[in-house]
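In what follows, a structure is listed as structure tokens, so that the remarks can point back to it.
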Number of protein chains: 2
Amino acid sequence: MSSVTIKDIAKLAGVSHTTVSRALNDSPLINPETKERIKAIAGSLQYTPNYSARSLVLDRSYNLGLFFSTLRTGTSAGFLYEAIKGVNDVIKDEYNLIVRGIDDYKSFHQVNRKSFDGIIVMSQSASDQPFIEYAAEKGIPLIVLNREIEDVQVMNVVPDDQSGAFRMTEYLIQQGHRRIAIIEGKEGFKSTQSRRDGYLEALRKYHVAFSEAMSAQGNYDLESGYAAMNRLLDLPERPTAVFCCNDDMALGAVKAITERGLKVPDDLSVVGFDDQLFSAFMTPALTTIRRPIEEMSRAGAAKLLAFIESKQLEHETVYFHTELVIRDSVKTIAGG
Amino acid sequence: MSSVTIKDIAKLAGVSHTTVSRALNDSPLINPETKERIKAIAGSLQYTPNYSARSLVLDRSYNLGLFFSTLRTGTSAGFLYEAIKGVNDVIKDEYNLIVRGIDDYKSFHQVNRKSFDGIIVMSQSASDQPFIEYAAEKGIPLIVLNREIEDVQVMNVVPDDQSGAFRMTEYLIQQGHRRIAIIEGKEGFKSTQSRRDGYLEALRKYHVAFSEAMSAQGNYDLESGYAAMNRLLDLPERPTAVFCCNDDMALGAVKAITERGLKVPDDLSVVGFDDQLFSAFMTPALTTIRRPIEEMSRAGAAKLLAFIESKQLEHETVYFHTELVIRDSVKTIAGG
DNA sequence: CACAGAATTGCACACGTTAACAATGCTCTT
DNA sequence: AAGAGCATTGTTAACGTGTGCAATTCTGTG
């Protein structure tokens with residue numbers, strides 16, 4: 001039951017534990033025959049190295065941290081899923097992927113270079129800033145995904161939210177819409193800001209008037225989209241199209257519209273942002289912006305690993321293009 | 001930059017590193033004043049213990065493994081999300097949560113008692129069996145969630161799938177349906193079996209005839225539900241209700257139905273299983289069975305931690321009740 | 001004052017691994 | 001045949017922490 005160590009193997013092979021260590025690590029110093037013999041013994045004893053001991057002497061934890069702003073409400077399931085999938089695809093077999101919510105920490109005490117070989121922050125909010133600064137200051141290899149970081153020097157991979165929102169709004173205008181409402185994301189999130197900016201930029205460019213009444217605050221969850229849409233429907237002069245700042249809220253918005261006996265897109269057009277897994281299967285299928293979370297995660301993880309191994313630093317921010325996915329939730333208005 | 005150890009603190013405090021170790025671990029042996037002094041110094045130096053060293057001597061890794069059958073296709077986002085959320089809520093601050101797909105391992109070599117203080121397997125398929133047996137044999141504290149394990153002695157927390165499927169089918173029958181189709185889950189999954197069994201059991205109990213044509217194979221993803229539904233719609237004598245073995249497939253089914261110009265539930269009733277986050281916001285809102293993944297994960301994690309700390313073993317299987325969630329996707333057929 | 005016993009601290013080793021350096025034996029060259 | 005140099009293996013220390021046991025100091029009691 002008690003686990004076998006290299007010393008046990010050494011005893012059986014009649015060599016020193018050093019030789020065993022070298023043999024198992026494929027050191028060229030060891031005679032091929034001895035090496036084979038030792039490996040055979042190790043195999044038959046089902047030897048597995050003690051990672052704690054190895055970590056201690058090599059000063060590597062074999063842990064990679066994947067941190068989200070929160071694992072409570074606020075992080076969508078698809079988001080978590082794609083991020084984990086992307087990172088997991090890339091990390092070598094030898095790394096452990098540790099998942100945590102930043103807001104789970106009372107203190108960042110336990111976060112240090114000994115415990116994490118590297119850290120990936122999937123940042124959704126400015127509230128992550130202290131954590132990012134802490135990790136950066138501790139000298140832990142660090143990459144921040146999804147949210148643009150300005151003050152601190154870190155590796156950064158982000159989607160181009162603003163151009164995505166611009167493209168979407170432009171598309172609605174091109175389909176003849178002029179009264180275009182926006183259901184906004186959670187306050188304080190950078191993405192909320194960027195998407196609003198893209199929306200406004202498009203309105204400006206095409207000389208479409210913006211009115212405050214056309215903006216409803218949401219917080220990125222289903223219910224808030226439902227509630228915000230109801231407020232918009234109560235307006236004396238309703239919009240003809242609604243740009244929801246994510247797909248969850250679009251789902252809620254469609255629900256609100258349908259409940260009033262109206263139809264999407266015949267009576268009202270609805271678009272989203274994110275391209276969640278379910279969006280293609282909504283009724284109607286949702287026109288939205290795809291934000292390549294999985295690809296970004298994969299790229300970010302690869303970049304982090306490369307840095308850990310080479311210590312070659314690149315601080316430039318990488319932008320990932322979003323993509324307009326046209327489906328069935330927008331009506332083309334004749335004349336314009 | 002090089003990290004501070006208890007020896008550094010010892011030097012500054014003018015004591016031995018033993019005393020520092022004891023002080024920081026709140027040993028009653030140490031004079032309260034010395035203790036305070038040492039803690040103050042540790043705090044001012046921002047000391048953080050080296051977990052590798054501690055692990056080595058204490059023979060604890062502080063790692064908890066959360067294993068899914070796969071992180072590639074087959075695990076739904078909501079499933080992953082709820083499981084992580086539930087476990088994360090419970091684990092003490094001192095544990096790392098390591099997430100992996102079992103099918104990522106070429107060999108289970110790295111999985112041992114030194115690397116994991118405990119393992120939670122969120123099992124979705126019989127293909128997990130070798131892994132479970134391996135972990136059990138290695139003597140790693142182990143709990144299996146979601147799938148019932150028969151041959152191996154392990155802690156087990158599972159939903160009562162069969163009674164859930166039974167309840168759902170019974171409900172459809174009570175609403176007057178007699179031609180009830182089933183879109184089945186992925187072959188080889190125990191859940192597929194249990195849900196079919198519950199479905200058949202209800203048919204038998206209420207003397208409703210079953211025909212093979214009413215069964216369409218799926219594999220738990222959206223597309224397969226879409227395809228299976230199309231096959232059912234091609235039948236000369238269509239069903240009046242379809243029991244989809246999960247919500248993703250129900251979403252696909254609704255899509256297929258709508259595309260043919262038919263309406264749910266007016267022309268065809270559709271129900272699901274799992275109660276995903278989006279199900280309440282589909283059009284129409286989906287009637288489904290809630291499987292309490294998050295609660296099960298929470299209970300399982302708590303049970304595992306209790307075992308790790310007390311070594312008090314309980315091998316009985318815990319069943320979690322599912323719940324029928326009635327929404328708007330079923331039509332009541334008059335007369336029956 | 002002496003001494004028992006408690007309170008407090010230190011010494012030395014252990015955990016399992018890696019690696020610098022030393023040591024041994026062998027081969028080849030001259 | 002002697003020495004250089006290579007191939008192979010062993011000796012020893014180190015990583016940072018926890019702990020059994022010995023050592024010291026302190027307290028109280030007779």
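The values are calculated or read from the model by the stated rules, or taken from the named source; none is laboratory data. Just so you know, these numbers come straight off a predicted model, no measurement behind them. Glycine also receives a Cβ, built like all others from the backbone with ideal geometry; neighbour counts cover every protein chain displayed. These accessible areas exclude ligands, DNA and RNA; they are computed on the full protein's heavy atoms, side chains included. Shrake-Rupley method; radii C 1.70, N 1.55, O 1.52, S 1.80 Å.
Name the residue farthest towards the positive end of the dipole of chain B from the options B:Ala165, B:Ala23, B:Ala209, assuming +1 on Cβ of Lys and Arg, -1 on Cβ of Asp and Glu, about the Cα centre. Value: B:Ala23.
Of the residues in segment B:55-71, those shielded by at least 40 Å² of accessible area once partner protein chains are present, compared with the chain alone at a 1.4 Å probe, are B:Leu56, B:Leu71.
Ranked from the most accessible area to the least, with a 1.4 Å probe and all protein chains present, what is the order of B:Leu142, A:Leu24? Before the final figure, lay out the partial values.
Working: B:Leu142 15, A:Leu24 55 Å².
Most to least solvent-accessible, the answer reads A:Leu24, B:Leu142.
A full extension of the chain between A:Thr317 and A:Gln153 corresponds to an added length of 58.0 nm, given 0.36 nm per residue minus the alpha carbon distance.
As a test of the definition: which semi-axes, in Å, follow for chain B when you take the square root of five times each eigenvalue of its alpha carbon gyration tensor? Largest first, please.
Numbers: eigenvalues 555, 73, 56 Å².
Sorted largest first and rounded, they come to 53, 19, 17 Å.
Segment A:58-105 and segment A:25-45 have Cα centres spaced 36 Å apart.
Remark on segment B:114-130: accessible area falls by at least 20 square angstrom from chain-alone to full-complex state for B:Lys114, B:Ser115, probe 1.4 angstrom. For segment A:292-323, GluC sites (Glu not before Pro) meeting the loop criterion (DSSP other than H, G, I, E, B) and having at most 15 other Cβ atoms within 10 Å: A:Glu314, A:Glu316.
Just to be sure I understand: of the beta bridges DSSP finds with both ends in the protein assembly as shown, what percent are antiparallel, rounded to 5?
Details: 7 of 75 bridges.
So the antiparallel bridges amount to about 10 percent of the total.
A 1.4 Å probe, protein heavy atoms only, puts the accessible area of B:His321 near 150 Å². Accessible area per residue for segment A:1-113, computed on protein heavy atoms with a 1.4 Å probe, is 47 Å².
For segment A:159-164, 3J(HN,Hα) computed residue by residue from phi via the Karplus equation (6.51, -1.76, 1.60; θ = phi - 60°) reads x, 8, 4, 4, 5, x Hz, glycine and proline entered as x.
Positive-end ranking of A:Gln153, B:Ile149, B:Val330 along the dipole of the protein assembly as shown, with charges on Cβ about the Cα centre, is headed by A:Gln153.
Among the protein heavy atoms, those of B:Arg54 account for about 70 Å² of accessible surface (1.4 Å probe, every chain in place). Helix content alone sets the calculated 222 nm mean residue ellipticity of the protein assembly as shown: runs of n ≥ 4 DSSP H residues at -39500 (n - 2.57) each, divided across all residues, give -12500 deg cm²/dmol.
Taking the Cα centre of segment A:6-49 as the origin, how large is its charge dipole in debye, to the nearest 20, when only Lys and Arg (+1) and Asp and Glu (-1) carry charge on their Cβ atoms? Walk me through the numbers on the way to the answer.
Numbers: 6 positive and 4 negative charges, 19 e Å.
It comes to approximately 100 debye.
Going Cα to Cα from B:Lys311, which lysines come in below 26 Å? Please leave out same-chain ones fewer than 8 positions away. Leaving aside lysines fewer than 8 places away in the same chain, those within reach of B:Lys311 are B:Lys85, B:Lys92, B:Lys114, B:Lys138, B:Lys303. The distance separating the Cα centre of segment A:235-313 from that of segment B:2-18 comes to 53 Å.
Leaving ligands, DNA and RNA out of it, report the carbon-plus-sulfur percent of the accessible area of the protein assembly as shown at a 1.4 Å probe.
Details: 14180 of 28130 Å².
The nonpolar share, carbon plus sulfur, comes to 50 percent.
Taking a straight line from the alpha carbon of A:Lys186, these aspartates and glutamates sit under 14 Å away, with near neighbours fewer than eight places off in the same chain left out: A:Asp221, A:Glu223, A:Asp247, A:Asp248.
If DNA, RNA and ligands are ignored and the probe is 1.4 Å, what is the ranking of A:Phe320, A:Phe116 by accessible area, most exposed first? Can you show the working numbers first?
Working: A:Phe320 50, A:Phe116 5 Å².
Output order, biggest surface exposure first: A:Phe320, A:Phe116.
Relative to the Cα centre, the charge distribution of chain A, modelled as +1 at Lys and Arg Cβ and -1 at Asp and Glu Cβ, gives a dipole magnitude of about 700 debye. For A:Ser215, the residues whose modelled amide H falls within less than 5 Å of its own, excluding neighbours fewer than 5 places apart on the same chain, are A:Ile182. Among A:Cys244, A:Ser127, A:Gly218, pick out the residue whose Cα is farthest towards the positive end of the charge dipole of segment A:101-259, where Lys and Arg carry +1 and Asp and Glu carry -1 on C-beta, about the Cα centre. It is A:Cys244, whose Cα lies furthest towards the positive end. Accessible surface buried by the B/A pair amounts to about 5100 Å², both sides summed, 1.4 Å probe. The GNM of chain A, with springs linking C-alpha atoms under 10 angstrom apart, assigns the highest mean-square fluctuation among A:Val318, A:Val270, A:Val57 to A:Val57. For A:Lys39, the aspartates and glutamates whose Cα falls under 12 Å of its own Cα, not counting residues fewer than eight places away in the same chain, are A:Asp26. Measuring with a 1.4 angstrom probe and ignoring ligands and nucleic acids, A:Glu187 comes out at about 140 Å² accessible.
Sorting A:Val158, A:Val90 by accessible area puts them as A:Val90, A:Val158; the probe is 1.4 Å, largest comes first, and only protein heavy atoms count.
For the protein assembly as shown, the alpha carbon convex hull comes to 192 Å³ per residue, rounded to a whole number.
Counting pairs of alpha carbon atoms under 8 Å apart in space and at least six apart in sequence, what relative contact order in percent does segment B:161-291 give?
On the way: 245 pairs, mean separation 31.6, N = 131.
Computed value for segment B:161-291: 24 percent relative contact order.
Taking the Kirkwood radius as Rh and the Cα radius of gyration as Rg, segment B:161-291 has a ratio of Rg/Rh equal to 0.92.
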